[in-house]
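One structure is given here, and the rest of the page talks about it.
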Amino acid sequence: MQYTMTTVNFWPILIATIAAFLIGAVWYSWLFAKEWAELTGATAGNGQASAGSGAKPGVWKSYVSQFVITLIQFAVLGFLIAATGTVSGGDGAFFGFIVWLGFLATHAVSGMLWDRRPLKLILIESVGSLVSLIVGGAIIGAWQ
């Protein structure tokens with residue numbers, strides 16, 4: 001069977017993208033804001049850790065760009081889920097985990113090894129991506 005992007009339902013991809021943004025908001029604004037800011041050197045004052053009143057005006061361009069990047073990420077995940085015939089939330093969540101493990105986690109470890117990024121920063125960022133991919137995969141898988 002041939003698969004094209006027309007076999008992928010756009011709505012769960014959009015919902016997964018929005019869910020990932022909500023997860024990221026909680027992850028980086030509430031759960032790990034202080035640790036992430038300390039490890040990256042970002043502060044609300046320089047517009048990188050928060051979009052609040054202290055953020056630079058141009059930070060919204062970053063949010064829009066990140067939304068497009070996340071939309072592409074979930075479109076590819078949606079295509080892979082559709083191509084495998086996944087039709088349940090549990091299978092979609094597992095597929096999100098497999099994609100994270102094979103691509104994002106390995107890339108994060110490479111960053112730690114070669115860029116000398118701290119393990120704590122790698123964990124904050126990669127586990128946040130893991131949660132987003134599992135939730136997004138569940139949404140996409142359940143909606144196929």
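Quick look at the numbers
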{"quantity": "Filter result for Gln73 (buried (at least 16 other Cβ atoms within 10 Å of the Cβ), at pLDDT below 95 and either closer than 20 Å to Gly128 by Cβ or in contact with an Asp or Glu (Cβ under 8 Å, 6 or more places away or on another chain) (or both))", "calculated": "no"}
{"quantity": "Residue list for segment 1-14, filter: surrounded by 16 or more Cβ atoms within 10 Å (Cβ to Cβ) and at pLDDT 95 or above", "calculated": "Pro12, Ile13"}
{"quantity": "Subset of segment 107-120 (residues that are of a type outside the set (A, V, I, L, M) and over 15 Å from the mean Cα position of the chain (by Cα))", "calculated": "Ser110, Gly111, Trp114, Asp115, Arg116, Arg117, Pro118, Lys120"}
{"quantity": "Any hit, segment 37-46, residues being loosely packed, with under 12 Cβ neighbours inside 10 Å, in a helix (DSSP H, G or I), modelled with pLDDT of 85 or more and over 14 Å from the mean Cα position of the chain (by Cα)", "calculated": "no"}
{"quantity": "Subset of segment 83-117 [more than 18 Å from Gly128 (Cβ to Cβ), of a type in the set (Val, Ile, Thr) and assigned to a helix (DSSP H, G or I)]", "calculated": "Thr84"}
{"quantity": "Neighbours by Cβ (under 7 Å, 6+ apart or cross-chain): first from segment 123-144, in contact (Cβ under 8 Å) with a residue 24 or more places away in the chain and assigned to a helix (DSSP H, G or I); second surrounded by fewer than 20 Cβ atoms within 10 Å (Cβ to Cβ) and among the acidic types (Asp, Glu)", "calculated": "Ile124/Glu35; Gly141/Asp91"}
{"quantity": "Residue check for Phe67: in a helix (DSSP H, G or I), over 12 Å from the mean Cα position of the chain (by Cα), touching a residue at least 40 places away in the same chain (Cβ under 8 Å) and surrounded by fewer than 20 Cβ atoms within 10 Å (Cβ to Cβ)", "calculated": "no"}
{"quantity": "Every residue from segment 86-122 that is hydrophobic (A, V, I, L, M, F, W, C), free of Cβ contacts under 8 Å to residues at least 12 places away in the same chain and either exposed (fewer than 14 other Cβ atoms within 10 Å of the Cβ) or within 23 Å of Phe10 (Cβ to Cβ) (or both)", "calculated": "Ile98, Leu101, Phe103, Leu113, Trp114, Leu119"}
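The values are calculated or read from the model by the stated rules, or taken from the named source; none is laboratory data. Predicted, not measured: the structure shown is a model, and the values here were computed from it. No Cβ is skipped: glycine too gets one built from the backbone with ideal geometry, and neighbour counts run over all protein chains shown.
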